[in-house]
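First comes the structure, then the notes that go with it.
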Amino acid sequence: MRILPGDPPVTLTLRRSARARRLSLRVSRLDGRVTLTLPARAPERGALAFAQERAAWIREALARMPAPETVGEGMQLPVEGRILTLAAPPGRGAPRIEGDRLILPGGPARAGIRAQAFLKALARERLAAACARHTAQLGLRHGKLTLRDTRSRWGSCTAAGHLMFSWRLILAPPSVLDYVAAHEVAHLARMDHSPAFWAVVARLMPGYQTPRAWLKHEGQNLHGYHFGH
């Protein structure tokens, strides 16, 4: 990490890459992280000077990023592609969806925390079902299924066949969640992104290009909700 001086100071993440041929800057639309990529042998001093020359552009990009929206009673939240209004009445009871409302009994103080727990459980249910369907189609089995709140990827598949997904996929339309499940299950057959891999994805989910494009253009918005601690 390095600090780019100014008002306000900017934290830079330096990354060396053997594949990089020139210096480059990237501001993540997911979390605002600023990454300065250097070729393997590029001097750090020159790279920092490069970033300083582009300081105005970096701060402008950071200023355009929307502030996270705190999840609470009365707000609207996308769940499986539907817009639901959160209600947190007093009393006890299980969180549930009723019509166009997400009911979170227990009062408003911990509505965000209860909403997150409900959404994680729903995401696990939907992802487990999707992965079971896709693995059955391939005649394969997957290992452990884990949910995380990842920023850099929506899913992953290890060499041992374990699958990981972002639980925030439950906020997206169902076809998007299903596409990510199909993508990672396809890695059980092909651990690459070759044409053969994409043929497996197409076999599992014909027309996957549409939800893939949605995720590319709209996915960063799913990280714009803060559920509290």
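The values are calculated or read from the model by the stated rules, or taken from the named source; none is laboratory data. Here the structure is a predicted model, which means the values were calculated and not measured. Reconstructed Cβ throughout: ideal geometry from the backbone, glycine too, with neighbour counts over all protein chains shown. Please note that ligands, DNA and RNA were not included when accessible areas were found on the heavy atoms of the full protein model with its side chains. Shrake-Rupley method; radii C 1.70, N 1.55, O 1.52, S 1.80 Å.
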Between Leu127, Leu36, Leu86, where does the largest GNM mean-square fluctuation fall for the chain, given springs only between Cα atoms within less than 10 Å?
Leu36
Project the alpha carbons of region 27-112 onto their principal axes and report the range along each, largest first, in whole Å.
61, 25, 24
Looking only at Cα atoms, what is the convex hull volume of the chain per residue, in Å³?
155
Per DSSP, the loop-located trypsin sites (Lys or Arg not before Pro) within region 178-229 having at most 16 other beta carbons within 10 Å are Arg190
Write down the accessible area per residue of region 47-155 in Å², having rolled a 1.4 Å probe over the full set of protein chains.
58
In the chain, if the dipole is taken from +1 on Lys/Arg beta carbons and -1 on Asp/Glu beta carbons about the Cα centre, which of Gly6, His226, Ala20 is farthest to the positive end?
Ala20
Rounded if a/c is under 1.5, else prolate if a/b is larger than b/c, else oblate: which is region 126-179, with a ≥ b ≥ c the root eigenvalues of its Cα gyration tensor?
oblate
Can you sort Asp100, Asp178, Asp7, Asp192 by solvent-accessible area, 1.4 Å probe, largest first?
Asp7, Asp100, Asp192, Asp178
In whole percent, the fraction of accessible protein surface over the chain that belongs to carbon or sulfur atoms, probe radius 1.4 Å, stands at 53
Taking amide H positions as placed in the peptide plane 1.01 Å from N, state which residues far from Gly107 in sequence (5 or more) or on other chains have amide H under 5 Å from it.
Gly91
Stokes-Einstein diffusion coefficient for region 134-229 at 10 °C in a medium of 1.306 mPa s, Rh from the Kirkwood formula over Cα pairs: what value in µm²/s?
115
Take every Cα pair under 8 Å in region 65-211 that's 6+ residues apart, average their separations, divide by the length, and report that relative contact order as a whole percent.
18
